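What follows is a set of notes on a single structure, which appears directly below.
The values are calculated or read from the model by the stated rules, or taken from the named source; none is laboratory data. Remember, predicted model here, so these are calculated numbers, not experimental data. Every residue, glycine as well, gets a Cβ built from its backbone with ideal geometry; the counts of neighbours run over all protein chains shown.
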Amino acid sequence: MTTPANASPPLNVDIKPPTLAVAVSAASVGSENQPEEIAIRAHGLNSWYGTVQALKGISLEIPKCRVTALIGPSGCGKSTFLRCMNRMNDPIPGARASGTLTLHGDDLLARTLDVVELRRRVGMVFQKPNPFTKSIYDNVAFGPRLHRSFRRTDLDELVENSLRAAALWDEVKDRLKSSALGLSGGQQQRLCIARAIAVGPEVLLMDEPCSALDPRSTASIEQLIRELETNYTIVIVTHNMQQAARVSDRTAFFFEGTLVECGSTDRIFTNPTNKQTEDYVSGRFG
Amino acid sequence: MHSLGAQAQSNTRRRSPGEIVAAAVPASQLRRRVVDRTFLALCIVFTGLAVVILGILLVTIWQDGHTRLSWQFLNSFASRRTEEAGVRAPMWGSIWACVICALAAVPIGVGTAIYLEEFSKRSRFRSFIQLNIANLAGVPSIVYGILGLTAFARAFGSASTDSPITIGQPESFFYLQLPFGHGVLAGGLTLMLVVLPIIIVSSQEALRSVPRSLRTASLALGGTQWQTTWNITLPASIPMIMTGAILAMSRAIGEAAPILVLGVPLFIRTTPINLMSDFTVLPLQIYNWAMRQQSGFHELAAAAIIVLLAVLLTLNAVAVIIRHRLQRAAS
């Protein structure tokens with residue numbers, strides 16, 4: 001298991017100093033007694049690809065403006081769960097879901113749901129940075145333009161704010177018109193985050209956002225996730241235990257389509273109740 | 001053989017200083033080398049053959065025809081006297097028919113490809129259409145000529161060709177009649193039938209080559225399927241679509257059979273003024289001249305072939321320029 005912390009320790013300390021960890025754990029303990037506001041609520045969620053059942057009765061609550069990490073071995077259903085939340089499984093032939101999944105009370109599985117509006121509310125960042133073959137400016141402006149027309153000055157402002165929120169503004173402000181493909185991998189991924197933010201989502205889904213990046217870029221994305229947490233509900237799928245420990249408030253451990261354990265990140269990593277969880281987070285399997 | 005062997009040995013020796021290894025390898029390595037070289041030689045011979053054949057073709061045509069090439073040749077109508085004959089009518093006929101064909105075939109073909117690749121669900125209906133398009137690409141062009149004659153020239157016999165329904169004056173540009181008769185519109189649409197399968201298949205290939213991750217990114221931002229197609233998929237695939245369209249147009253401009261079946265006059269002394277005008281095309285004129293006995297007409301045919309190739313290259317060059325513009329705009 002590689003630890004980005006070794007490569008860039010100064011950044012890492014910024015992300016989560018030990019004192020903060022204590023604070024988070026205290027908050028989480030408190031939240032388990034008196035629940036904070038829940039953004040996404042899954043109850044008995046099942047999902048199939050054809051005859052293969054990928055999710056088996058998942059019940060999980062994702063708190064608002066917190067980072068929730070989904071961990072587990074490959075093929076355990078965590079990405080499927082993520083993609084259920086913005087209905088990105090829809091185009092896959094034979095994909096279907098049952099149970100309940102709600103975002104602030106709105107049924108996400110309803111046939112009548114406007115998926116276009118849903119995806120505006122639930123943004124997504126993918127494993128591999130996938131900027132469009134357009135300029136940096138047009139990449140960020142792409143989403144907002146899909147939904148309505150803007151005055152030039154408003155759009156300029158929106159693009160700047162989004163790039164600032166993704167901690168990319170200072171690096172690209174002088175070359176907004178040049179191609180996004182000229183950026184480094186880490187910059188491209190932050191551009192993808194800026195692009196997702198630009199449409200004003202409530203939730204950001206991140207599917208292994210750092211697995212194609214070098215340690216330094218990873219550290220900057222992790223720091224960014226921590227900053228975005230104040231405004232966005234973030235759900236992140238990761239294969240990197242340290243990353244889950246560093247960036248998330250709550251962690252859910254998936255195994256073979258079931259949710260094995262879910263709780264505050266602190267507790268999952270220091271005192272898991274389930275034997276499987278303990279083996280996984282300590283690196284004994286998976 | 002000897003030199004090859006020596007070379008192989010020296011190569012091996014350079015790689016591995018151990019004498020035993022060097023002695024053991026050459027037998028199989030030599031064989032692989034010989035096969036490799038032989039194959040390369042064969043490839044060069046075949047490529048050279050193609051180039052030589054093309055060269056002979058061009059040189060003989062140039063020798064036969066270049067004396068006839070002149071401004072007067074381009075600007076005169078066909079005539080029984082070889083020294084007065086020219087390609088004005090068929091040249092403009094070819095250009096009109098090709099432009100009509102492109103204007104009709106590219107939107108329909110690309111639209112069909114977009115539907116099949118981006119919108120249709122995997123179904124029996126879709127595989128049925130797919131299978132038919134693949135088969136249509138292999139249908140001889142004369143068959144399309146019959147279809148064009150029935151559908152466009154005669155409108156399935158629904159109205160009499162002798163007394164067509166007309167809109168506008170026959171002398172004006174905005175003149176239409178139903179059925180179309182054997183005017184240049186019917187010709188262009190018949191050529192469209194010939195090239196449509198080619199355009200559809202090549203456009204599908206082009207759309208398929210666009211990375212799925214780009215579509216996913218657009219959809220995840222809340223784009224509809226159409227917004228994704230229009231803003232992302234289509235711009236990224238336009239260069240390849242244009243390449244397919246260029247090839248298709250090259251085929252269209254060279255077709256004689258479907259136009260012949262349409263029943264166009266072989267000898268006309270006018271250029272088209274509207275969509276219903278009589279027309280003929282260069283391949284037909286070439287065919288017509290090549291059939292004559294006198295050598296003067298053979299020279300005319302060769303000159304017309306040069307004009308045909310020139311028109312073809314010009315159209316291709318225009319398309320290539322457009323493609324480059326779009327490519328630069330997209331990146």
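Let me confirm something: among B:109, B:148, B:86, which residue is crowded, with 16+ Cβ neighbours inside 10 Å and touching a Pro at 6+ places or on another chain (Cβ under 7 Å)? Working first, answer last.
On the way: B:109 fails: touching a Pro at 6+ places or on another chain (Cβ under 7 Å); B:86 fails: touching a Pro at 6+ places or on another chain (Cβ under 7 Å).
After applying the criteria, what remains is B:148.
Let me spell it out: the conditions are (1) exposed (fewer than 13 other Cβ atoms within 10 Å of the Cβ); (2) modelled with pLDDT of 95 or more, and residue A:68 meets all of them except one. Which number is the exception?
It is condition (1) that residue A:68 fails.
If residue B:225 satisfies all but one of (1) within 12 Å of chain A (Cβ to nearest Cβ); (2) free of Cβ contacts under 8 Å to residues at least 60 places away in the same chain; (3) in contact with a helix residue (DSSP H, G or I) (Cβ under 8 Å, 6 or more places away or on another chain), what's the number of the condition it fails?
(2)
Examine region B:119-138 for a residue that is within 14 Å of another protein chain (Cβ to nearest Cβ), farther than 23 Å from residue B:266 by Cα, surrounded by fewer than 18 Cβ atoms within 10 Å (Cβ to Cβ) and touching a residue at least 60 places away in the same chain (Cβ under 8 Å), and state whether such a residue exists. Before you say what the answer is, go through the steps one by one.
Going residue by residue through region B:119-138, those that are within 14 Å of another protein chain (Cβ to nearest Cβ) are B:119-124, B:126-127.
After this cut, where a residue has to be farther than 23 Å from residue B:266 by Cα as well, the list is B:119-124, B:126-127.
Narrowing further to those that are surrounded by fewer than 18 Cβ atoms within 10 Å (Cβ to Cβ): B:119-124, B:126-127.
Pick out the ones that are also touching a residue at least 60 places away in the same chain (Cβ under 8 Å) and you get B:119.
For region B:119-138, residues within 14 Å of another protein chain (Cβ to nearest Cβ), farther than 23 Å from residue B:266 by Cα, surrounded by fewer than 18 Cβ atoms within 10 Å (Cβ to Cβ) and touching a residue at least 60 places away in the same chain (Cβ under 8 Å): present.
Return the total of residues in region B:205-218 being more than 7 Å from every other protein chain (Cβ to nearest Cβ) and either in contact with a Ser or Thr (Cβ under 8 Å, 6 or more places away or on another chain) or part of a loop (DSSP other than H, G, I, E, B) (or both).
So the count comes out to 7.
Does residue B:73 count as of a type in the set (A, V, I, L, M, F, W, C) and part of a helix (DSSP H, G or I)? Give the derivation first.
Details: of a type in the set (A, V, I, L, M, F, W, C): yes; part of a helix (DSSP H, G or I): yes.
Against the criterion (of a type in the set (A, V, I, L, M, F, W, C) and part of a helix (DSSP H, G or I)), residue B:73 qualifies.
For residues that are surrounded by fewer than 21 Cβ atoms within 10 Å (Cβ to Cβ) and small (Gly, Ala, Ser), scanning just region B:182-221, find the one that is nearest to the chain's Cα centre (by Cα).
So, considering only residues that are surrounded by fewer than 21 Cβ atoms within 10 Å (Cβ to Cβ) and small (Gly, Ala, Ser), the one nearest to the chain's Cα centre (by Cα) is B:209.
Being touching a helix residue (DSSP H, G or I) at 6+ places or on another chain (Cβ under 8 Å) and in the same structural domain as residue B:229 (by TED's automatic domain parsing) is true for just one of B:142, B:61. Which residue is that? I'd like the intermediate steps shown before the answer.
Values: B:61 fails: in the same structural domain as residue B:229 (by TED's automatic domain parsing).
After ruling out the rest, the residue left standing is B:142.
Assess whether residue B:157 counts as being surrounded by fewer than 11 Cβ atoms within 10 Å (Cβ to Cβ), farther than 27 Å from residue B:237 by Cα and not aromatic (Phe, Trp, Tyr). Working first, answer last.
On the way: surrounded by fewer than 11 Cβ atoms within 10 Å (Cβ to Cβ): yes; farther than 27 Å from residue B:237 by Cα: yes; not aromatic (Phe, Trp, Tyr): yes.
When the stated conditions are applied, residue B:157 passes them.
Might you check whether a residue that is over 18 Å from residue B:309 (Cα atoms), under 27 Å from the mean Cα position of the chain (by Cα) and at pLDDT 90 or above occurs anywhere in region B:23-44?
Of all residues in region B:23-44, those over 18 Å from residue B:309 (Cα atoms) come to B:23-44.
Among the residues that remain, those that are also under 27 Å from the mean Cα position of the chain (by Cα) are: B:43-44.
This time we only want the ones that are at pLDDT 90 or above, so: B:43-44.
Yes, that holds for at least one residue.
Name the residue, out of B:149, B:196, that is away from chain A (no Cβ under 14 Å), farther than 22 Å from residue B:110 by Cβ and not acidic (Asp, Glu). Reasoning before the result, please.
Numbers: B:196 fails: farther than 22 Å from residue B:110 by Cβ.
Matching residue, one of B:149, B:196: B:149.
Considering each residue of region A:96-153, count those that are surrounded by 21 or more Cβ atoms within 10 Å (Cβ to Cβ), in a helix (DSSP H, G or I) and more than 7 Å from chain B (Cβ to nearest Cβ), and give that number.
Total satisfying the criteria: 5.
Let's see how each residue does on (1) in contact with a strand residue (DSSP E or B) (Cβ under 7 Å, 6 or more places away or on another chain); (2) under 30 Å from residue B:328 (Cβ atoms):
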residue: A:179; (1), (2): yes, yes
residue: A:190; (1), (2): no, yes
residue: A:195; (1), (2): no, yes
residue: A:223; (1), (2): no, no
residue: A:242; (1), (2): no, no
residue: A:246; (1), (2): no, no
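Give the residues of region B:262-284 that are under 21 Å from the mean Cα position of the chain (by Cα) and under 16 Å from residue B:185 (Cβ atoms), sorted by residue number. Give the steps one after another, and end with the answer.
Narrowing region B:262-284 to residues under 21 Å from the mean Cα position of the chain (by Cα): B:262, B:279-284.
B:262, B:279, B:280, B:281, listed by residue number.
Given (1) in contact (Cβ under 8 Å) with a residue 40 or more places away in the chain; (2) under 21 Å from the mean Cα position of the chain (by Cα), identify the lone condition not met by residue B:287.
Status for residue B:287: all satisfied but (1).
Restricting the search to region A:192-218, which residues are more than 10 Å from chain B (Cβ to nearest Cβ), part of a loop (DSSP other than H, G, I, E, B) and either surrounded by 24 or more Cβ atoms within 10 Å (Cβ to Cβ) or on the phi < 0 side of the Ramachandran plot (or both)?
Listed by number, the residues that qualify are A:202, A:209, A:210, A:211, A:212, A:213, A:214.
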